[in-house]
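J.: Below: one structure in structure tokens.
Just so it is clear, none of the values below were taken in a lab; they were calculated from the coordinates. Note that the structure is a prediction, hence the values are computed from the model and not measured. Counting neighbours? That spans all protein chains shown, and the Cβs are built from the backbone with ideal geometry, glycine included.
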Amino acid sequence: MSDNNINNNNDVVIAVLAGSTSDESVYKKTIDVLEKEKISYELKILSAHRDPKKLDDYIKNCKALVYIAIAGLSAALPGVIASKTNRPVIGVPVSAKLGGLDALLSIVQMPPKVPVACVGIDRGENAAYLAIRILDLMKK
């Protein structure tokens, strides 16, 4: 788990959350893009199932403008985050089982009023690019 602030100020713009350290190959793609584009971010490993209280506390105190949630298997993390914030949430399904199709379907099948954007399976880099586009809209 690391915290990184590329802009050298205390404003974390994007919160990157992963359900497990086993998702490192995917979240590394995300943070590589954010670092290349000099976007401030914070990386946290928080499971919606194993750490629900820590996740709740993090979301309540997080000042990030966009969340990127990386999760495999049941992939509850993006939906749980979206249920607790009005900020944009981008889900990244991980190919842990069933080629990632289980995670993909879990992320895209959110109930009404709990929207989660979803990128392709293991496409952490696309989540970063989508978050950057969302931030660009906020500047206008």
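J.: Could you give each residue of the stretch 98-106 its phi-based ³J(HN,Hα) in whole Hz, using Karplus coefficients 6.51, -1.76, 1.60 with θ = phi - 60°, and x for Gly or Pro?
T.: The phi angles translate into 6, x, x, 4, 4, 5, 4, 5, 4 Hz.
J.: With runs of 4+ DSSP H residues as the only contributors, calculate the mean residue ellipticity of the chain at 222 nm using -39,500 (n - 2.57) per run, divided by the residue total and rounded to the nearest 500.
T.: Value at 222 nm, helices only: -12000 deg cm²/dmol.
J.: Express in nm, to one decimal, how much length is gained between residue 61 and residue 38 on full extension, taking 0.36 nm for each residue of separation and deducting their alpha carbon distance.
T.: Contour length minus Cα-Cα distance gives 6.0 nm.
J.: State the label only: which of [x] 1.01; [y] 0.93; [z] 0.96 corresponds to Rg/Rh (Cα atoms, Kirkwood Rh) computed from the shown model?
T.: Given [x] 1.01; [y] 0.93; [z] 0.96, the calculated one carries the label [y].
J.: If I build a Gaussian network model for the chain, linking alpha-carbon pairs within less than 10 angstrom, which residue out of 94, 108, 116 has the largest mean-square fluctuation?
T.: For the chain, modelled as a Gaussian network with Cα springs under 10 Å, the answer is 108.
J.: Sticking with this structure for a sec: Cut-off under 16 Å on the C-alpha distance; same-chain residues fewer than 8 positions from residue 44 excluded. Which lysines are left, in chain and number order?
T.: Cross-link targets: 28, 29, 53, 54, 60, 63.
J.: Here's a follow-up. Which whole-Hz ³J(HN,Hα) couplings does the stretch 78-83 yield from phi under the Karplus relation 6.51 cos²θ - 1.76 cosθ + 1.60, θ = phi - 60°, glycine and proline marked x?
T.: Per residue, the Karplus-derived 3J(HN,Hα) values read x, x, 5, 4, 4, 6 Hz.
J.: Under 5 Å between amide H atoms, partner at least 5 residues away or on a different chain: which partners does residue 69 have, H built in plane at 1.01 Å?
T.: 17, 90, 91, 92
J.: Identify, among 83, 45, 14, the residue whose Cα sits farthest towards the positive end of the charge dipole of the chain, taking +1 on the Cβ of Lys and Arg and -1 on the Cβ of Asp and Glu, with the dipole about the Cα centre.
T.: Projecting each Cα onto the dipole axis, the largest value belongs to 83.
J.: Follow-up. Output the peptides 29-40, 14-25 sorted from most to least packed, where packing is the average of other Cβ atoms within 10 Å over each peptide's residues.
T.: 14-25, 29-40
J.: Convert each backbone phi in the stretch 125-140 into a coupling constant with the Karplus relation 6.51 cos²θ - 1.76 cosθ + 1.60 (shift: θ = phi - 60°), then list the ³J(HN,Hα) values in order as whole Hz, x for Gly and Pro.
T.: Along the stretch 125-140, the couplings run 5, 5, 4, 5, 5, 5, 4, 5, 5, 4, 4, 4, 5, 5, 6, 7 Hz.
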